[in-house]
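The values are calculated or read from the model by the stated rules, or taken from the named source; none is laboratory data. Computed from a prediction, not measured in an experiment: that's the story for all the values here. Note: ideal-geometry Cβ built from the backbone for every residue, glycine included; neighbour counts use all protein chains shown. Heavy atoms of the whole protein, side chains included, go into the accessibility calculation; ligands, DNA and RNA do not. Shrake-Rupley method; radii C 1.70, N 1.55, O 1.52, S 1.80 Å.
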Amino acid sequence: MASNRSRLPFEPTKSNKKTPPLLAPAQLISNQPEPDAPVATQIPAVVSQRMVRRMTFLCGVPTGLGLLAFPLSHLVSHQWFKLPVSVVLFTTLGLFILGALGLSYGIFSASWEEDQPGTRLGWSEFQLNFGRIREGWRSRQSDS
């Protein structure tokens, strides 16, 4: 039964390989990898920490300001002048959107090479890493 919908970029392709037979408990304990087993890849700890630091700053600051926007606007409205509700809404919404974008930029702007710390703003790393992701999407589309 074939489907008319197009595959998502991250959706695995269906292979014609048969599923491997169930392993006996003694085979499960064996430290020998199976010959067809895919190699698991991990993000190195140095790169992961670099990403987390950038995401914490680039997401945390706008999100924290977004959380403070409502109480500060309430204080300003009662102390100095009345703020329109739409200004408070769009300010808060804009800061939360910046926080969400900061998560993505924090991942892509970090250097993915263990031995290269990258630049302070990370623009060249962003272009390189986003290009890698785009290239991966294109190659997966051409494979299907």
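A residue that is in a loop (DSSP other than H, G, I, E, B), open to solvent by less than 100 Å² (accessible area, probe 1.4 Å) and at pLDDT 85 or above occurs nowhere in the range 65-79. When Phe96, Phe81, Phe90 are checked against the criterion of being closer than 30 Å to Gln49 by Cβ and without any contact (Cβ under 8 Å) to a residue 40 or more places away in the chain, a single residue qualifies: Phe96.
I'd like to know if the range 51-62 contains one or more residues that are basic (Lys, Arg) and at pLDDT 85 or above.
Of the residues in the range 51-62, the ones basic (Lys, Arg) are 53-54.
Filter once more, so that each one left must be at pLDDT 85 or above: 53-54.
The answer is yes, given that some residue of the range 51-62 is basic (Lys, Arg) and at pLDDT 85 or above.
Gly99 - would you say it is modelled with pLDDT of 95 or more, in contact with a Cys (Cβ under 8 Å, 6 or more places away or on another chain) and surrounded by 12 or more Cβ atoms within 10 Å (Cβ to Cβ)? In short, yes.
Inside the range 85-144, residues that are more than 30 Å from His74 (Cβ to Cβ) and in a helix (DSSP H, G or I) make up a count of 26. Just one residue in the set Thr119, Thr91 is touching a helix residue (DSSP H, G or I) at 6+ places or on another chain (Cβ under 6 Å) and on the phi < 0 side of the Ramachandran plot; that residue is Thr91.
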